[in-house]
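The values are calculated or read from the model by the stated rules, or taken from the named source; none is laboratory data. For clarity, every value in this text was computed on a predicted model and none was experimentally measured. No Cβ is skipped: glycine too gets one built from the backbone with ideal geometry, and neighbour counts run over all protein chains shown. Remember, those area values only see protein heavy atoms, side chains included, never the ligands or the DNA or RNA. Shrake-Rupley method; radii C 1.70, N 1.55, O 1.52, S 1.80 Å.
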Amino acid sequence: PNNLCRCVEKLLMVSQRILFIDPLFKPDKERWILTLEKFISVATSKRTPILEYHLKIDDKEYIKPENERKANFEEECNKYIKKILPHGRKLTLFRWSKIDHSGDKFHARYILTEHGGVGFDVGLDSGGSGETTDVRRLSEKTRLRRWNSFQEGSKIYEYVDKVDVVGE
């Protein structure tokens, strides 16, 4: 978590809206929570930015009724994320699915802000012992394309639901 955070620390410290994007994020897995906690700590140290996490809904979730799957996800997020957020700070988690198979695959991991973007090859999690990942600064054209993919009305991904978690 510390090494990943050093790659984006300055970006997190100056941005007003931060999108964490990792399709495989699981709120009940410590390897994601540890890194998210570090990112949020840096981003919120002297400001109150808008924090968003964008992830892919698991296909098996669709066997549950819509209200049940959202309630289960909300319960899980509150159980594991609420305690890492500073008091009163909000993180909104958005779940997306792929619209069709002709466009971009929802696989890459990013941190996007209004000031720039960074891509991570492996993920926004702490990984295994000794594991490394490549980190790259995105061109403005790529940042904007990825940013637009995770906005209302996206033609790349379909919005499924969202959950707000507020720190205790």
Exercise for the section: Starting from the Cα of residue 64, step 7 Å along the direction of its Cβ; do the same at residue 41; then give the gap between the two resulting points in nm. Expected result: 3.0 nm
Problem - Packing-based order for 36-42, 88-94, using average beta carbon neighbours within 10 Å, highest first - result: 36-42, 88-94
Problem - Pairwise FRET efficiency - residue 71 versus residue 131, Cβ, R0 = 35 Å, nearest 0.05 - result: 0.55
Practice task
Principal axes first, then extents: for the Cα atoms of segment 81-136, list largest minus smallest coordinate on each axis, whole Å, largest first.
Solution key: 42, 33, 25
Completion exercise
Using a 1.4 Å probe on heavy atoms of the protein chains only, the accessible area for residue 45 in Å², nearest 10, reads 80 Å²
Problem - Label-to-label distance, nm, for residues given as residue 115 and residue 24 (7 Å Cα→Cβ offset) - result: 3.0 nm
Practice task
Give the calculated FRET efficiency between residue 31 and residue 140 to the nearest 0.05, with a Förster radius of 22 Å applied to their Cβ-Cβ distance.
Solution key: 0.10
Completion exercise
Extend 7 Å from the Cα of residue 97 along its Cα-to-C-beta direction; within segment 33-66, residues with backbone N under 14 Å of that point are 56-66
Completion exercise
If R0 = 35 Å, then residue 6 and residue 48, at their Cβ-Cβ distance, give a FRET efficiency to the nearest 0.05 of 0.95
Fill in the blank from the handout: The percentage of the accessible area of the chain (probe 1.4 Å, all protein chains present) made up of carbon and sulfur atoms, to the nearest whole number, is 48 percent
Handout entry: Mean accessible surface per residue for segment 1-158, computed with a 1.4 Å probe while every protein chain stays in place, in Å²
Key = 56 Å²
Exercise for the section: Work out how much length residue 16 to residue 162 would gain on full extension: take 0.36 nm times their residue separation and subtract the Cα-Cα distance, in nm to one decimal. Expected result: 50.6 nm
Problem - Option label - Cα Rg over 2.2 N^0.38 Å computed here, alternatives (1) 0.99; (2) 1.33; (3) 1.27 - result: (1)
Practice task
Sort 57, 63 by accessible area with a 1.4 Å probe, largest first.
Solution key: 63, 57
Handout entry: Pair residue 154, residue 122: separation of 7 Å Cα→Cβ label points (nm)
Key = 2.4 nm
